[in-house]
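Visitor: Provided herewith is a single structure, encoded as structure tokens, for subsequent inquiry.
Rule-based calculations on the coordinates, nothing more; no lab input. Since we're looking at a predicted model, the values are computed, not measured. Don't worry about glycine lacking a Cβ; one is built from the backbone with ideal geometry, like all the others, and counts go over all protein chains shown.
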Amino acid sequence: MKLSITRRKFAWAQGDDILRDHLANSSSRAKYTSPDIQNEIINIIGNQIRTSIVENCNNSKFFTLIADETTDTSTREQVSVCLRYLERDTITNKISIKEDFLDFVMATSTTGEHLAELLIETLISADIITMNMRAQGYDGAANMSGKYKGVQARICEMVPGAMYVHCKSHCLNLAIVHSCKDTSVRNVMSTVQEVAFSFDYSSKKLQAFYQELDSDATTKENMDKRTKLRTLCETRWTSRADALYTFKTSFPVVVHALERLRENGDDKAGQNLEFDPIHSPGQTTPKRRRCMPMTMSPSTPPTKQHQVNPSPFGEVGQKLTSEQIAASIGNEIKRMHRRKQLQYSGIQTPPNMSPPHESSSSLSIDGSASPSSSAGNMFSALSPNKREMPLFTFKQVSMICERMLKDREEQIKNEYNSVLTCKLAEQYEAFLKFNHDQIQRRFATDQPVSYVS
């Protein structure tokens with residue numbers, strides 16, 4: 001144990017003769033290699049670097065504050081604080097943009113008010129002139145970008161010239177996330193994630209992948225020292241590119257590994273092969289079949305999976321005719337009349353309408369034969385003198401309903417267009433008023449003009 005510690009200490013001193021001589025000849029109590037001393041030395045070095053960054057930032061006059069908060073592995077909220085400013089090279093006299101990390105700060109709360117106070121206190125404790133801040137950049141989270149209670153709004157109250165800029169990397173990530181909602185892109189991402197998870201959480205599949213990768217020298221070289229498939233991260237667009245590149249490069253290896261596992265009796269490997277419609281066009285699941293980017297040729301015989309299932313309503317009979325409906329209603333009226341549940345009301349027959357003609361149909365509600373017409377039975381039940389008839393026929397009722405529905409549809413469409421036009425006009429006026437108020441507030445004569453460094 002002592003030998004390993006000694007070797008480690010001398011490894012630290014490689015290339016430094018003074019440190020090597022100190023570790024070799026100094027007293028054991030004066031080597032300064034204890035953990036406390038090491039941490040103190042690291043803090044001193046960090047303070048020296050921080051002092052240099054603060055000096056350069058203050059000399060630049062204007063700067064931008066960049067911050068982001070996240071939860072570390074110990075479930076503690078930490079805020080990373082960075083500075084963006086201009087630096088002039090004293091030798092070449094050229095101006096360059098510098099972005100330096102300043103500090104990690106622990107956050108006990110993630111509210112906009114607390115984070116804003118924490119950031120301002122961090123800048124003040126580092127001796128940075130906060131009034132020289134001309135921009136602040138965060139992500140689009142509500143606690144950071146909120147225009148009333150977000151961090152950017154709180155800091156704008158304290159430093160009016162600090163304009164908020166949405167992080168461009170986060171904007172790019174949001175654009176990629178929204179573009180991935182397209183059906184074809186979403187299916188590709190889902191397939192890559194599904195296959196990567198199946199290999200990542202199965203030692204058998206991972207071992208088969210390694211064996212196929214070792215036997216394919218070209219693919220192994222193109223993998224660029226990658227040894228497994230990469231999973232996707234929805235909030236990191238760089239991981240998507242890495243995962244897609246790895247999947248595309250190792251595609252032959254993935255297919256061969258799954259084929260070998262399926263030949264050895266692994267049914268789940270056969271299910272994973274369904275991700276490729278070109279590889280197995282006749283064995284896709286319904287979900288993949290809906291998303292298949294290629295169609296089958298007319299000469300291709302339909303497989304069992306592509307056959308249309310019979311409708312569950314196939315046994316339902318055909319639509320009832322007007323005579324059958326009239327017969328059913330007439331029989332129901334007779335039944336209710338016998339039970340004294342229905343009282344007849346006299347209906348006057350219009351002078352220009354004649355009684356309905358008798359039909360030769362013999363269908364009844366229960367399917368038994370009847371020599372009289374079903375429509376005649378209905379009207380005989382309605383009118384004891386057989387001279388009364390309905391005011392409208394079924395065809396006339398259908399035409400009336402269609403006309404009423406069409407009129408109602410036009411009325412609803414006109415109301416919708418009117419309301420939509422009104423709301424859009426209100427939103428446009430509110431938008432113009434908001435922009436005018438923001439410009440007046442930001443560029444007022446009693447406030448300094450905003451400047452983005």
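Visitor: So, with +1 on the Cβ of K and R and -1 on the Cβ of D and E, and no other charges, what is the size of the charge dipole of segment 42-109 about its Cα centre, to the nearest 20 debye?
Guide: So the magnitude is around 300 debye.
Visitor: Too long at a 28 Å Cα-Cα cut-off: which of Lys94/Lys147; Lys413/Lys433; Lys181/Lys248; Lys149/Lys433?
Guide: Distance filter (> 28 Å) returns Lys94/Lys147; Lys413/Lys433.
Visitor: Still on this structure: Expressed in nm to one decimal, what extension gain is obtained for the pair Ser27 and Val255 from 0.36 nm per residue of sequence separation less their Cα-Cα distance?
Guide: Once the chain is fully extended between Ser27 and Val255, it gains 75.7 nm.
Visitor: In addition: Going by average Cβ density within 10 Å per residue, which order do the peptides 406-412, 74-80 take, highest to lowest?
Guide: Descending mean neighbour count gives 74-80, 406-412.
Visitor: Next up: So, counting K/R as plus one and D/E as minus one, what does the shell of residues with Cβ under 13 Å around Ile53 add up to?
Guide: -3
Visitor: Separate question: Sort Met404, Met163 by Cβ crowding within 10 Å, fewest neighbours at the top.
Guide: With the fewest neighbours first, Met404, Met163 line up as Met404, Met163.
Visitor: Suppose the chain between Asn43 and Asp16 were pulled fully straight at 0.36 nm per residue; how much longer would it get relative to their current alpha carbon spacing?
Guide: Result: 7.6 nm gained on full extension.
Visitor: Same structure again: Points 7 angstrom from Cα along the Cβ direction at Tyr210 and Lys395: gap in nanometres?
Guide: Those two pseudo-labels are separated by 8.1 nm.
Visitor: Among residues other than Ala135 whose Cβ falls under 14 Å from its Cβ, what is the net charge (Lys/Arg +1, Asp/Glu -1)?
Guide: Net local charge, Ala135 excluded: +4.
Visitor: Need the full-extension length gain, Arg88 to Tyr148, defined as separation in residues times 0.36 nm minus the C-alpha distance. One decimal, nm.
Guide: Answer, rounded to one decimal: 17.9 nm.
Visitor: Taking neighbour counts of Cβ atoms within 10 Å as a proxy for exposure, in what order, fewest first, do Ile53, Ile400, Ile325 appear?
Guide: Neighbour counts put them in this order, fewest first: Ile400, Ile325, Ile53.
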